[in-house]
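S.K.: One structure, pasted below without further comment.
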Amino acid sequence: MTNHNGLTMANSQPVQRVAATLAIDSINFSYPNGHEVFRAFSLEAKPGEFIVLLGPSGCGKTTLLNLLSGFQKPASGTITINGAPVRPEMPELGYVFQSPQLFPWLNVLENVRFGLRMQNRLSAKEQTEKALHYLALVGLDQAADKLPYQLSGGMQQRVSLARALALEPALLLMDEPFAALDAITRNNLNEETLRLWSELGQTVVFITHDIDEAIFLADRVVVLEIAPGGIHSELAIDILRPRSNLGTRKLPRFIEYRTALMEKIADVVHANLSVL
Amino acid sequence: MMRRLDKFNWGWASLPFLLLCWVLVASRFPSYILPQPWEVMAEAQRWIADGSLLQHLKASLLEEAGGFALATLVALLLGTTAGLFRRFRDFISPLNSLFMAIPPVAWAPLTMIIFGLGYWSIVMVIFIAAVFPMAITMQEGIQSIRNGEVRAARTLGATPLQMIVHVYMPASLPFFTAALRIGFSQAWRALVAAEMIGASKGIGWMVSMGGQIGNTNQVLLGIVIIGLIAWLMESLVFKRLEKHYQTWRAH
């Protein structure tokens, strides 16, 4: 068995095919100052589905991910992963943040190994092997003993991705992970994200305000309303996989989707302006 | 030629320059007012030969060690608590500002009345001098830990105890070593001042006694040793310690 770098994977590491169901059931959430963010919001992600939540700023994207990961609790309604209420430390859950949030005092390998170490999974040797395996998957096994500040922003975000993947989560939450990167790096990482997802097969909930990124990645794009609200509309992206930057982004269908989503976003913003 | 001059570290020239100035200025004065460096060296040999220098140095270093260790322990407790809990921080910060505004040596007459002349009265002055700036630096260290790192560690499954050992402690280590450096130098300054006011031994006593009996050799010898100890600790111990933990911090 080989990965894209042509490296032979250890036999002890079968390709993982676990995916979770995420169910958001009519949640309500307001901030203590009375600002209402979600009203009767429901959404379900099927096992292995790649869902992209798309919305202009102010639609409560980050609040939603805080709720999805259990850092904040909804006032009412439930959020469950495979039927169990979410908690930040639950092993099914992987999280990639807007900024890499690596531990600057640990080298790249130790950053990726951190979760396995904390959860005391596997022996020390196996932890290192697994961390190296996922570093190789994001193409950074050569940088294992570098410190985070020695890497570019894009490389740091790859390490962050490897760190989340090393725990083999069944649900991966990605909170605008590539928003701070330049367009070229972002496109490359979009492609890599899809490649990793097709290999590992977990459920992904990805948040972005970038329309092209949303179309390129998603099985289903969910357009969010500006708070207080929920879902404005959904759009299934019916573009064949595997997708590539050169092939996919120029397809007439890709451009149709882009136009459709731009109209939806304009509608969301316009609806909000008329309220003001 | 220019390139060589650019590469030359001019820091090494400062000490010879200072010595040269000393020699030049001292040549204008009789030696009982301002002695030459070599006369101070001769004085040093006398103090070393009869063992009294070692004795005074030992007394000062023991006081420094006691006061500094006590201050480190208390500052660790105060700084960590203030860093973690906002209410305690609000409560303690006016006290911190108040005590930092008072020159530590002003406490010396009081500690000498309470503890008597000797070891503990000086240790208390050192303690007061070092504990507040150290506590504030440690508090800043705890506060500087980014929420994002804490969150990341939680999603990776760290328990509260693991958070302390694997996130809070390593993240605040650079501040901790900075606090040690600040505390040591504050303690050392206060020590010398306190010894000059009321002590029967120590480097500070050496300087003030030299002044009283008109032995300028002894005064200058004391000053050189005070500077030497501070410089040795600063550049050989604390700067290295700090540098070791700060490679990642500047970025």
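The values are calculated or read from the model by the stated rules, or taken from the named source; none is laboratory data. None of the values given here were measured: they were computed from a predicted structure. All Cβ positions, glycine included, derive from the backbone under ideal geometry; neighbour counts span all protein chains shown.
S.K.: Keeping to region A:24-62, report how many residues are surrounded by fewer than 16 Cβ atoms within 10 Å (Cβ to Cβ) and either at pLDDT 90 or above or outside any strand (DSSP E or B) (or both).
M.R.: Total meeting the criteria: 13.
S.K.: Another question about this same structure. Tell me the residue from B:LEU20, B:LEU34 that is modelled with pLDDT of 85 or more, surrounded by 10 or more Cβ atoms within 10 Å (Cβ to Cβ) and outside any helix (DSSP H, G or I), please.
M.R.: When all the criteria are applied, what remains is B:LEU34.
Here's the yes/no breakdown for (1) touching a residue at least 24 places away in the same chain (Cβ under 8 Å); (2) closer than 21 Å to A:LEU161 by Cα:
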position	(1), (2)
A:PHE71	no, yes
A:ALA75	yes, no
A:ILE79	yes, no
A:ASN82	yes, no
A:GLU89	no, yes
A:LEU93	yes, yes
A:PHE103	yes, yes
A:VAL108	yes, yes
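S.K.: Take the residues in region B:218-230 that are among the hydrophobic types (A, V, I, L, M, F, W, C) and over 11 Å from B:TRP188 (Cα atoms); name whichever of them is nearest to the chain's Cα centre (by Cα).
M.R.: It comes out as B:LEU228.
S.K.: Oh, and also: Going residue by residue through region B:171-182, is there one that turns out to be surrounded by fewer than 24 Cβ atoms within 10 Å (Cβ to Cβ), within 12 Å of chain A (Cβ to nearest Cβ) and over 21 Å from B:VAL237 (Cβ atoms)?
M.R.: Within region B:171-182, one or more residues are surrounded by fewer than 24 Cβ atoms within 10 Å (Cβ to Cβ), within 12 Å of chain A (Cβ to nearest Cβ) and over 21 Å from B:VAL237 (Cβ atoms).
S.K.: Sticking with this one: Quick one: A:LYS264 ticks every box in (1) modelled with pLDDT under 95; (2) over 18 Å from A:CYS59 (Cβ atoms) except a single one, so which number is it?
M.R.: Status for A:LYS264: all satisfied but (2).
S.K.: Next question, about the same structure. Can you name every residue in region B:136-153 that is within 11 Å of chain A (Cβ to nearest Cβ) and in a helix (DSSP H, G or I)?
M.R.: Hits for region B:136-153 are B:ASN147, B:GLY148, B:GLU149, B:VAL150, B:ARG151, B:ALA152, B:ALA153.
S.K.: Filter region A:71-85 down to residues that are within 14 Å of chain B (Cβ to nearest Cβ) and more than 15 Å from A:VAL204 (Cα to Cα) and give me whichever is nearest to the chain's Cα centre (by Cα).
M.R.: So the residue we want is A:PHE71.
S.K.: Here is a further query. Give me a count of the residues in region A:99-147 that are within 18 Å of B:ARG154 (Cβ to Cβ), assigned to a loop (DSSP other than H, G, I, E, B) and of a type outside the set (Lys, Arg).
M.R.: Residues flagged as within 18 Å of B:ARG154 (Cβ to Cβ), assigned to a loop (DSSP other than H, G, I, E, B) and of a type outside the set (Lys, Arg) within region A:99-147 amount to 10.
S.K.: Quick one: in region A:63-98, which of the residues that are part of a loop (DSSP other than H, G, I, E, B) and at positive phi is surrounded by the most Cβ atoms within 10 Å (Cβ to Cβ)?
M.R.: The extreme case among them is A:GLY70.
Here is a yes/no grid of residues against (1) at pLDDT below 95; (2) surrounded by 13 or more Cβ atoms within 10 Å (Cβ to Cβ); (3) of a type in the set (Gly, Ala, Ser):
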residue: B:GLY11; (1), (2), (3): yes, no, yes
residue: B:SER14; (1), (2), (3): yes, no, yes
residue: B:PHE29; (1), (2), (3): yes, no, no
residue: B:VAL40; (1), (2), (3): yes, yes, no
